[in-house]
Amino acid sequence: MTRDASDHESSVASTRSLTQADSIAAIATARGLSALAVVRVSGSDALKIGSAVFSGSSPLADAPANTVHFGYVTGPDGKRIDQVVATLFRAPRSSTGEDVVEFSCHGGEVAARLILECLLNAGARLADPGEFTQRAFLNGKLDLAQAEAVADLIHAGSTLAHRISLNQLTGRYSQVLSTLRQELLDVASLIELELDFSEEDVEFADRSQLTALLTRSRDLLAQLASSYRSGRLVRDGVRVVIGGKPNAGKSTLLNAIVGFDRAIVSPTPGTTRDEIEAEAEIGGVRYSFVDTAGLRETGDEIEAEGVRRASAALDTADVVLYVVDGSLPVDTGEQLFVTSLRRRLGATPMMVIRNKADLSNEVKSGFGESIQLSATSARSNAAELSPLVDWLTTAAAGDLSSADASPIVVNQRHVQHLNAASRAVISALENLTQNVSGDLLAIDLRTALHELGSITGEITSEDVLGQIFSRFCIGK
Ligand SMILES: Nc1nc2c(ncn2[C@@H]2O[C@H](COP(=O)(O)OP(=O)(O)OP(=O)(O)O)[C@@H](O)[C@H]2O)c(=O)[nH]1
Ligand SMILES: [Mg+2]
């Protein structure tokens, strides 16, 4: 079991030597008008470089760790550039694990840029995207899953996406994975030990305990992998396509859900042509609602293109709301269409909305699962939408009430490794029941360990690291 440890050491050591020789600087805050901006420098010369540009009551380089200093950044010509507060951290107790100085200066387009120029003049190099976080990873401040959570946190577009990323950043997810990995590592070591003593026919690893552990691992891996559907929707937002025949009230429903008159509503069938999109956050999740052209055969070329797009939009939806005009007699052709649409969508959740309940509250069966409402009334009375909202929050994003209790996977890279680990564990279980030789079992366990280690970065390659950190912005 020493193989993955040495893999890790060699890959990390070579990456470290490539990237950590110099001190890096960047603006850490977004461009634009703001009260404050932050420029930071990290590396073995950070204090020397920070000191060279700073004039305060005492030199920064001599200051103790974790201290804050008021003063000025001055240019090479001695002229003051901005009034700043410099915060100083000493290795290893800093975000990157290196010496770090952070200058809080005034916001706007100029001050931060000039301070950065001063730091570069004083010997720092402009940081690559994500390089601060990459250094934190290489210095053991964060594992890879936590480092990825930093990018997700920054990109979070909804309250829940933010919370899931924060849970991942604070290490809850990594903890679950590393506990699992450690347990598998322990039994894998025993199996390998048995192989060393193969002539003596001994069993160090209790087979019933091993079966129990592998069964538990299989279930946990399956649970994590299956949380990805919800996780992805929470991270990227849920695309809800509203379809149905002309005049059913699709645009009225869109307006009611988002709370403003986004789409044109009219009694003329065929009003909506292009897709109309509007966003709303519901229950902490970001939804993008897409109103489409009413589905019908039409001789109008423009409307026909709208219908073609509407039909294509249904196939790219995460969730479909199919609106039926409930005030009209049941159209058996439409019932057949709804049945075939459900089949076509497969696992994509779909709900039939029987609209215009204010005109007729007759229950029309034959559409499968449905919700009756009045989109017109819902525009002024949000309570009318409650059954739809309740269904959406569970159907679309799954049961996320457990987001704090058990980790939700949001990263496709992780799912691939989780699925590969899961396959290896299932194979190990099969080998165990069939009593096959220990070396096959050892191979399965090693594979599972390798896959789990790839998520948290115990095992990694420069290519993977490069790919992950290039997603970051400069300064992070
Ligand atoms: N009484 C009543 N009328 C509604 C309701 N929902 C929509 N309508 C009316 O039905 C007509 C069509 O509504 P739209 O929202 O434009 O219908 P649509 O499905 O977007 O139609 P197309 O864009 O033509 O496909 C309008 O006159 C709406 O005011 C409802 O719940 N009750
Ligand atoms: Mg419309």
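Among the residues of region 172-191, just one is farther than 15 Å from Glu458 by Cβ and of a type in the set (Gly, Ala, Ser), namely Ser189.
Could you tell me whether any residue of region 448-459 is part of a helix (DSSP H, G or I) and free of Cβ contacts under 8 Å to residues at least 24 places away in the same chain? Checked against the condition, which is being part of a helix (DSSP H, G or I) and free of Cβ contacts under 8 Å to residues at least 24 places away in the same chain, region 448-459 yields no hits at all. Once region 287-296 is narrowed to residues that are under 30 Å from the mean Cα position of the chain (by Cα) and within 10 Å of ligand 2 (Cβ to nearest atom), the residue that is surrounded by the most Cβ atoms within 10 Å (Cβ to Cβ) is Asp291. The sole residue among Gly284, Gly299, Gly306 that is within 10 Å of ligand 2 (Cβ to nearest atom) and at pLDDT below 95 is Gly306. Applying the condition of being crowded, with 16+ Cβ neighbours inside 10 Å and more than 18 Å from Ser386 (Cα to Cα) to region 252-270 and asking which residue is farthest from ligand 2 (Cβ to nearest atom) yields Arg262. Where helices (runs of 4 or more DSSP H) fall wholly inside region 349-441, the ranges with 2 or more residues that are modelled with pLDDT of 95 or more and within 16 Å of ligand 2 (Cβ to nearest atom) are 375-380. Residues in region 246-275 that are without any contact (Cβ under 8 Å) to a residue 40 or more places away in the chain and within 6 Å of ligand 1 (Cβ to nearest atom): Val265, Ser266, Pro267, Pro269, Gly270, Thr271, Thr272. Taking every residue in region 60-82 that is of a type in the set (S, T, N, Q) and pairing it with any residue that is in a strand (DSSP E or B), at least 6 positions away or on another chain, the pairs with Cβ-Cβ distances below 7 Å are Asn66/Phe89; Thr67/Leu88; Thr74/Ser55; Thr74/Arg80; Thr74/Ile81. Scanning region 343-355 for residues that are touching a strand residue (DSSP E or B) at 6+ places or on another chain (Cβ under 6 Å) and either charged (D, E, K, R) or more than 12 Å from Tyr322 (Cβ to Cβ) (or both) yields a count of 1.
I'd like to check something: does region 96-111 contain any residue that is touching a Cys at 6+ places or on another chain (Cβ under 7 Å) and over 30 Å from Leu224 (Cβ atoms)?
Taking region 96-111 as the starting set, the residues that turn out to be touching a Cys at 6+ places or on another chain (Cβ under 7 Å) are 111.
Narrowing further to those that are over 30 Å from Leu224 (Cβ atoms): 111.
Yes - at least one qualifying residue is present in region 96-111.
Kindly indicate whether Arg273 is at pLDDT below 95, crowded, with 17+ Cβ neighbours inside 10 Å and not in a helix (DSSP H, G or I).
Details: at pLDDT below 95: yes; crowded, with 17+ Cβ neighbours inside 10 Å: yes; not in a helix (DSSP H, G or I): yes.
Taking the combined requirement at face value, the residue satisfies it.
Taking (1) touching a strand residue (DSSP E or B) at 6+ places or on another chain (Cβ under 6 Å); (2) at pLDDT 90 or above in turn, Leu160 satisfies each apart from (2).
Within region 54-62, does at least one residue satisfy the condition of being in contact with a helix residue (DSSP H, G or I) (Cβ under 7 Å, 6 or more places away or on another chain) and closer than 22 Å to Phe469 by Cβ?
Narrowing region 54-62 to residues in contact with a helix residue (DSSP H, G or I) (Cβ under 7 Å, 6 or more places away or on another chain): 54, 59-61.
Going one step further and asking which of them are closer than 22 Å to Phe469 by Cβ, we end up with none.
No, region 54-62 contains no residue that is in contact with a helix residue (DSSP H, G or I) (Cβ under 7 Å, 6 or more places away or on another chain) and closer than 22 Å to Phe469 by Cβ.
Number of residues in region 276-300 that are part of a strand (DSSP E or B), within 14 Å of ligand 1 (Cβ to nearest atom) and touching a residue at least 40 places away in the same chain (Cβ under 8 Å) equals 3.
All of (1) modelled with pLDDT of 95 or more; (2) surrounded by 13 or more Cβ atoms within 10 Å (Cβ to Cβ) hold for Val68 with one exception: (2). Pairing residues of region 46-58 that are assigned by TED's automatic domain parsing to the domain that holds Pro76 with residues that are among the basic types (Lys, Arg) and not in a strand (DSSP E or B), at Cβ distances under 8 Å and at least 6 apart in sequence or on separate chains, gives Leu47/Arg90.
Region 148-252 holds helices (runs of 4 or more DSSP H) entirely within its bounds, and those carrying 3 or more residues that are among the hydroxyl-bearing types (Ser, Thr, Tyr) and in the same structural domain as Ala420 (by TED's automatic domain parsing) map to 172-196, 207-236.
Against the condition surrounded by 16 or more Cβ atoms within 10 Å (Cβ to Cβ) and either among the acidic types (Asp, Glu) or within 13 Å of Ala26 (Cα to Cα) (or both), how does Phe89 come out, does it pass?
Details: surrounded by 16 or more Cβ atoms within 10 Å (Cβ to Cβ): yes; either among the acidic types (Asp, Glu) or within 13 Å of Ala26 (Cα to Cα) (or both): no.
For Phe89, the condition - surrounded by 16 or more Cβ atoms within 10 Å (Cβ to Cβ) and either among the acidic types (Asp, Glu) or within 13 Å of Ala26 (Cα to Cα) (or both) - is not met.
The values are calculated or read from the model by the stated rules, or taken from the named source; none is laboratory data. Keep in mind that this is a model prediction, so the values were computed, not measured. Using ideal geometry, Cβ is built from the backbone for each residue, glycine included, and neighbour counts are taken over all protein chains shown.
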